[in-house]
Structures are given as structure tokens and as C-alpha cells.
1. Mind listing just one residue for me: the one in the range 1-49 that is of a type in the set (S, T, Y) and in contact (Cβ under 8 Å) with a residue 24 or more places away in the chain and, of those, least open to solvent (accessible area, probe 1.4 Å)?
2. What is the number of the single condition among (1) in contact (Cβ under 8 Å) with a residue 40 or more places away in the chain; (2) assigned to a helix (DSSP H, G or I); (3) surrounded by fewer than 18 Cβ atoms within 10 Å (Cβ to Cβ); (4) touching a helix residue (DSSP H, G or I) at 6+ places or on another chain (Cβ under 7 Å) that I99 does not meet?
3. Just for the range 172-227: of the residues that are open to solvent by 10 Å² or more (accessible area, probe 1.4 Å) and in a strand (DSSP E or B), which one is farthest from I24 (Cα to Cα)?
4. Within the group E55, E51, which residue is over 14 Å from the mean Cα position of the chain (by Cα) and within 16 Å of ligand 2 (Cβ to nearest atom)?
Amino acid sequence: MIKVKNLHKHFGDLEVLKGIDEEIKQGEVVVVIGPSGSGKSTFLRCLNRLEEPTEGQIKIDEEVINSPEADINKIRQETGMVFQHFNLFPHKNSLGNIILSPMKVKGMSKEEATKIAYDLLEQVGLKNKAETYPSQLSGGQKQRIAIARALAMQPKVMLFDEPTSALDPEMVGEVLEVMRDLANEGMTMVVVTHEMGFAREVGDRVLFMDEGVVVEEAKPEKLFSNPDQKRTREFLAKVL
Ligand code: ADP
Ligand code: MG
């Protein structure tokens with residue numbers, strides 16, 4: 001479903017992605033791990049064109065998304081993104097956050113968007129928080145609303161960039177739970193995370209990135225217990 005060929009990204013003189021080749025299948029959950037600064041976020045951001053690749057090609061469902069003709073609005077609709085910091089609109093309640101894009105970008109009626117939003121609130125376990133403003137929500141609740149907001153655009157793929165890294169420990173589980181359910185429903189997902197338990201349990205494949213390349217990739221059982229590369233072993237020794 002996603003095909004990445006020879007992806008390079010420079011920021012000025014700094015080469016952050018040094019030729020990434022990846023294929024992600026429909027329904028696959030790919031977990032990306034690696035040290036800080038290795039290019040994980042940049043890789044994810046190239047997949048929905050929050051960053052412009054310097055070189056290479058990214059296809060989603062056979063459509064080249066990094067060409068001048070590509071419709072950037074459509075790409076953003078198809079790729080839901082959830083960030084470390086929730087980026088909810090503070091002056092809108094949960095419902096308002098969720099219905100905004102479907103109405104504005106997809107031209108959905110308020111009634112239809114609201115109906116979908118309530119289904120999503122139920123899915124993330126926050127139906128009773130529809131009218132609550134972000135300032136009155138816990139971190140875990142904010143992140144679940146952010147996930148519902150991304151899902152409201154009915155994306156083909158969900159991209160998660162360290163969705164639990166900013167949360168107090170006791171709130172990590174509720175967010176991972178929502179992500180696990182989503183994976184079980186067959187959503188295609190690319191997840192940057194330090195939650196190795198989640199990677200092991202939910203990931204179909206784990207990519208280990210370091211210094212702008214995918215050093216090693218394998219099923220989680222293999223990568224976590226018997227990695228081939230020395231750099232992978234050294235990283236895992238620090239985080240496991
Ligand atoms: P990770 O998510 O693995 O921590 P990033 O993709 O955020 O890594 O960053 C990789 C490298 O690219 C880092 O050295 C970072 O400082 C640099 N970088 C990221 N975004 C920018 C930017 N907009 N301008 C300049 N350098 C950037
Ligand atoms: Mg990052």
C-alpha cells in the first residue's frame with residue numbers, strides 16, 4: 001500500500017534520511033524504533049508530506065505523493081497523523097475538534113460529522129467528554145481525542161509519532177489500548193515509539209533506524225531476541 005523508494009531528505013547540508021526503501025502492506029502495523037535524531041520523525045513526516053523529500057519516491061496506493069501534481073489535501077486526508085504533543089484546538093471542545101476537518105476539508109454536513117464523531121468518541125472510550133475542552137482533559141484523554149480526530153477523516157493509514165512519550169506513565173496504557181484496537185480492526189499503521197512491549201505485541205514488523213538508514217528490520221520476535229546487527233543489539237541493550 002505504501003512504497004518508499006530511495007528516500008533521501010536533507011536539511012541544508014545535513015542529510016537526515018540516506019536512502020530508505022520500504023514497502024508497507026495494507027493492514028500492516030510497522031513499528032519504528034531508534035535513537036533520538038536518527039530520522040524517525042522525518043521519515044514519518046515525509047509519508048504525509050509535512051516534509052518534502054529531497055530525492056526518491058513515495059507511493060500510496062500506486063499514487064506518487066511527492067510529485068508536483070499530487071493533491072496535498074488529499075494526501076493529508078488519507079494519512080492520519082498523531083503527534084507526541086496532541087495539538088488539539090484549545091478553543092474547541094472534543095466534538096468541535098473532531099468535526100472541524102470533516103466539515104471544512106471534506107464538506108461534510110455538521111449532522112453527519114457529529115454522528116461520526118460520536119461513534120469515534122465511543123471507540124476511544126470518551127463519549128462522556130464530547131463537550132469538554134482540552135484544558136479539562138488529562139494527557140491520555142487528549143491523545144485519545146487526537147486519535148479520534150485523525151480517524152474522522154477516514155484515513156487509509158495512521159501515522160503515530162511517539163504518541164505516548166509526553167504522557168504520565170499511568171496514562172500510557174489507555175492510549176496504547178486504543179491503538180491496539182485500531183490495529184486489530186485492520187488499520188494500516190506506522191508507529192514511532194519507545195514502547196517495546198507494544199512493538200512486540202502489536203507490531204507485525206519492527207524497523208530499527210540509526211543515522212538516517214534502516215539498519216535492520218524483522219518481525220518483533222526476531223528483532224528483539226536475536227538481532228543480526230551490532231548497532232541494533234547495542235540500542236536494545238540500552239532501552240530494554
Ligand atoms: P528522530 O525523530 O529520530 O529523533 P528527527 O527526524 O526528528 O529524528 O531528526 C533527525 C535529524 O534531523 C536531527 O539531527 C534533527 O536535528 C534534524 N532535523 C529535523 N527536522 C529539522 C528541520 N526542520 N531543520 C533542520 N534540521 C532538522
Ligand atoms: Mg522524533
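The values are calculated or read from the model by the stated rules, or taken from the named source; none is laboratory data. Keep in mind that this is a model prediction, so the values were computed, not measured. Positions of Cβ are backbone-derived with ideal geometry, glycine not excepted, and every protein chain shown enters the neighbour counts. What goes into the accessible areas is simple: the full protein's heavy atoms, side chains included, and nothing from ligands, DNA or RNA. Shrake-Rupley method; radii C 1.70, N 1.55, O 1.52, S 1.80 Å.
1. First pass over the range 1-49, keeping only residues of a type in the set (S, T, Y): 36, 38, 41-42.
When the remaining residues are screened for being in contact (Cβ under 8 Å) with a residue 24 or more places away in the chain, the result is 38, 41-42.
On the way: S38: 2, S41: 45, T42: 19 Å².
If we take residues in the range 1-49 being of a type in the set (S, T, Y) and in contact (Cβ under 8 Å) with a residue 24 or more places away in the chain, then S38 is least open to solvent (accessible area, probe 1.4 Å).
2. Against the list (1) in contact (Cβ under 8 Å) with a residue 40 or more places away in the chain; (2) assigned to a helix (DSSP H, G or I); (3) surrounded by fewer than 18 Cβ atoms within 10 Å (Cβ to Cβ); (4) touching a helix residue (DSSP H, G or I) at 6+ places or on another chain (Cβ under 7 Å), I99 comes up short only on (3).
3. Restricting to residues being open to solvent by 10 Å² or more (accessible area, probe 1.4 Å) and in a strand (DSSP E or B), the top hit is D210.
4. Numbers: E55 fails: within 16 Å of ligand 2 (Cβ to nearest atom).
After applying the criteria, what remains is E51.
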